[in-house]
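These notes are about the structure you will find just below.
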Amino acid sequence: MRAAVFYGREDLRLESVPEPQPGPGDVKLRVLYNGICGSDLLEYYDGPVTTRSTPHPLTGMTNPVILGHELCGEVVALGAGVEDLVPGQLVAVEPLETADHSHAGLASVDAAGRGPVAFAAARAAGSK
């Protein structure tokens, strides 16, 4: 798949990256819509700010990384232990980082795009 990969200040590259597969507790989405957050712009112009050259204490991730956390999409695959979502379900992502672990809340929406009607927890997807 293709992704915009952030390497450092004003260094964003469109690259081919491996297609991610969901691990235990993960949810794989087909992104339908996404936004660009102010924190992504800050990272691009002034970074690294929140991304790191040393492992992040919660996620273990280091640059280069795929930025982005404002998105919604369709569930396409579920990792082991995810039982409250189904493939084809529409969700909006609410990314969170806590001292316990990093995860994204998925708010389910109905076919008309109304929601949220349910929440499920899943680890945030990303490159390690």
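Quick note: the coordinates plus some simple rules give every number you see, no bench work behind them. Worth saying up front: this structure is predicted, and the values here are computed from it rather than measured. Don't worry about glycine lacking a Cβ; one is built from the backbone with ideal geometry, like all the others, and counts go over all protein chains shown.
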Revision key, fill the gap. Ordering 49-56, 11-18, 72-79 by per-residue average of other C-beta atoms within 10 angstrom, highest first, gives 72-79, 49-56, 11-18
Revision key, fill the gap. Env charge @ Tyr45, Cβ radius under 9 Å, K,R +1 / D,E -1, value -2
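Sorting Arg9, Arg2 on the 10 Å Cβ count, fewest up front, what's the list?
On the way: Arg9 13, Arg2 8.
Fewest-to-most ranking of Arg9, Arg2: Arg2, Arg9.
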